[in-house]
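Trainee: I'd like to ask some things about the structure below.
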Amino acid sequence: APPRPAAPRRGPPLGAARPGAMQVLGRHDVAVSSPTFGPSGDLFTIATSGDIFRHPGSLDHDSEFAPEQWSHSSGQPLGLVFDNFGAAFVCDAAHQAIFRIVGVKSEDGVSRHEIEPYVREYEQSQFLGPNSLCMSRSTGMLYFTDSGPFGETSLQNPRGSVFAISSSTQLLIPLCLNTLAHPCGVALSPDEKNIFVAETGMNRILRFTQHPPGVFHCSVFTQLTGRFGPTALCINSNGDLFVAHYDFLDNTPNGRVVVVNADGEVINHITVPGPEITGLCLTPDERYLIIAERSTTSLYRHPLQQ
C-alpha cells in the first residue's frame, strides 16, 4: 500500500516565538520602561530618573541599540505615548500629572522641547500619580491609569482610577474612580471600542466596553493566577493581548508574557530573561514584541510568528 501522506503540521499560535528568538535590544545603566514608537518610527523609552531615550537604528539588525537622550521630564516618568503629530504625553509620578512635550524652534533656529502640564487633577482633587496611557489614533482620546507609586493603591487600599480625556475639549471622563488595586498598563482594542486595563493588585485584566459610545461598562476579561500581577499591555491588529505578568526577582529568575486572544483565552506564553517586566509594545509592522525588564536593566526584542 502506498504510504499515507503526512498529516499537515499546525503552525504555532499567533504570538509564538521562533527558536532562540529572544535578543537583547539594548542595555542601560538604569532601568527603562514604557517602550513606544514615535510617528517617525523611532523607538522611545523612559527612565524614572526623568530621562526620555530615543533608540535610533533598524530593528531588523542584530546588534544592540545605542540609546540617546531625547528629552527630560524633570520628574519621575512612568508612561509615554506619542500622538500623530509627534507630541509626547508623559505620565509623571513625581508631579502627579500628565505632561505634554512638543518640539519648538527658538528665534535662533535651535530646536528644543517645551514641556507643559496637560492634566493634573479631577474635580479639584490631585491625581495619585498617573501610571500608563494609550491614545486613540482616530479621535485623539487619551486613556490613562492613576495608581500612584507602587504600593500606594493595593488590595488593602484600592483607590486607583482609569480616566479618558478628549484632545479637543480637554474634558476629563472617569471610567472607574477610586476603586482599583494599582491599575497599571492600558491598551485599546483595534476597533477602539474596548479599553483593557491591567489591575496589578488583583492579578487580572479588566475590559471597559463602550455601549453606547461614550458610556463605559467594566468587567473582568481575564483572571490570571500565580506571580504578582500584570503590569503592561499591548495588543495586535487581530485583537490578541500581550500581558506582562510581573513578579519579583526574589521569587523567580524568569519573566513571562501571557498572550490572550480576543475571547479572553490564553493561547501562548513567552519566557523573558528577568521577571520584572515594566513595558511592552509591538513594532509598527507587528513583527517584533519589545520588552522592558527592570532587574536586567535591558530591552529585549522577540520575533513573532506571522
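Trainee: Between Phe248 and Val215, what length comes free when the chain is fully extended (0.36 nm per residue of separation minus the Cα-Cα distance, one decimal in nm)?
Mentor: Result for the pair: 8.2 nm of gain on full extension.
Trainee: Output wanted: per-residue J couplings in Hz (rounded whole) for the stretch 185-199, from phi through Karplus 6.51 cos²θ - 1.76 cosθ + 1.60, θ = phi - 60°, x for Gly and Pro.
Mentor: Each residue's phi maps through the Karplus curve to give x, 9, 8, 10, 5, x, 8, 6, 8, 10, 10, 9, 10, 8, 9 Hz.
Trainee: Report, by chain and number, residues whose modeled amide H sits under 5 Å from the one on Tyr122, excluding near sequence neighbours (fewer than 5 apart, same chain).
Mentor: Phe127
Trainee: Could I ask something else about it? Tell me which label goes with the value of Rg and Dmax of the Cα atoms in Å computed from the coordinates here: (i) 20.0, 77; (ii) 19.5, 86; (iii) 20.8, 66.
Mentor: (ii)
Trainee: Say we join alpha carbon atoms closer than 10 Å with springs in a Gaussian network model of the chain; which of Glu293, Glu107, Glu152 then has the biggest fluctuation?
Mentor: Most flexible of the set in this elastic network: Glu107.
Trainee: On a C-alpha basis, how far is the centre of the stretch 102-146 from the centre of the stretch 155-211 in Å? Whole number, if you could?
Mentor: What the calculation gives is 17 Å, centre to centre.
Trainee: Using a ≥ b ≥ c from the Cα gyration tensor of the stretch 193-282 (square roots of the eigenvalues), is it rounded, prolate or oblate, where a/c under 1.5 gives rounded and otherwise the larger of a/b and b/c decides, a/b for prolate? Each step should come with its number before you reach the end.
Mentor: Values: a/c = 2.38, a/b = 1.82, b/c = 1.31.
Taking the square roots of the gyration eigenvalues as a ≥ b ≥ c, the stretch 193-282 is prolate.
Trainee: What accessible area per residue comes out for the stretch 194-306, rounded to a whole number of Å², with a 1.4 Å probe? Walk me through the numbers before you get to the answer.
Mentor: On the way: 4330 Å² over 113 residues.
On a per-residue basis, the stretch 194-306 sits at 38 Å².
Trainee: Here's a follow-up. Arrange the peptides 110-118, 194-202, 265-273 so that the one whose residues have, on average, the most other Cβ atoms within 10 Å appears first.
Mentor: Per-residue Cβ counts within 10 Å, averaged per peptide and sorted highest first, yield 194-202, 265-273, 110-118.
Trainee: Looking at Asn84, Phe53, Ser34, which one has the Cα that reaches farthest to the positive end of the dipole of the stretch 19-85 (charges on Cβ: Lys, Arg +1; Asp, Glu -1)?
Mentor: Ser34
The values are calculated or read from the model by the stated rules, or taken from the named source; none is laboratory data. Just so it is clear, the model here is predicted, and its values are computed rather than measured. Every residue, glycine among them, receives a Cβ derived from its backbone with ideal geometry; neighbour counts consider all protein chains shown. Quick note on the areas: whole protein, heavy atoms, side chains included, nothing else; ligands and nucleic acids left out. Shrake-Rupley method; radii C 1.70, N 1.55, O 1.52, S 1.80 Å.
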